[in-house]
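The values are calculated or read from the model by the stated rules, or taken from the named source; none is laboratory data. Here the structure is a predicted model, which is why all the values come from computation and not from measurement. Cβ placement follows ideal geometry from the backbone for every residue including glycine, while neighbour counts extend to all protein chains displayed.
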């Protein structure tokens with residue numbers, strides 16, 4: 001079953017958003033979203049944030065489970081196209097090995113800051129991501145449930 005797009009009638013997917021937000025704080029000690037917000041407001045803020053937020057699951061070929069509006073715009077894929085898509089498609093074929101190394105490093109260390117790399121949109125437009133943070137997602141039961149990334153700096157190539 002496909003995850004519905006965040007909206008008011010589903011509290012902006014407050015639980016998945018809280019895992020993203022809480023895991024970011026756990027690993028980095030920083031706040032991705034104002035910590036004073038209630039869960040639904042924090043989830044809405046995350047979905048409408050002016051920076052990219054993406055998450056994928058822990059399957060062998062990880063699938064995107066979350067992409068805020070900024071990510072959808074940059075990658076030129078609406079929610080129904082990006083969620084469920086193998087996350088490897090965010091990188092060009094030649095950059096996928098580098099991406100795999102990054103994800104393995106994050107799996108070992110918990111997170112990494114200041115990542116830079118080239119990504120590609122649905123139409124093939126290439127862009128350089130700068131100063132990205134990538135972190136492990138921790139479910140409420142403490143299990144690893146994926147990885148997420150955020151960045152606010154990119155340059156079209």
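For (1) surrounded by fewer than 16 Cβ atoms within 10 Å (Cβ to Cβ); (2) modelled with pLDDT of 95 or more, each residue gets a yes or a no:
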| position | (1), (2) |
| --- | --- |
| 67 | no, yes |
| 114 | yes, no |
| 129 | no, yes |
| 139 | yes, yes |
| 153 | yes, yes |
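Could you list, in sequence order, all residues of segment 141-151 that are in contact with a helix residue (DSSP H, G or I) (Cβ under 7 Å, 6 or more places away or on another chain) and loosely packed, with under 14 Cβ neighbours inside 10 Å?
None - no residue of segment 141-151 is in contact with a helix residue (DSSP H, G or I) (Cβ under 7 Å, 6 or more places away or on another chain) and loosely packed, with under 14 Cβ neighbours inside 10 Å, so the list stays empty.
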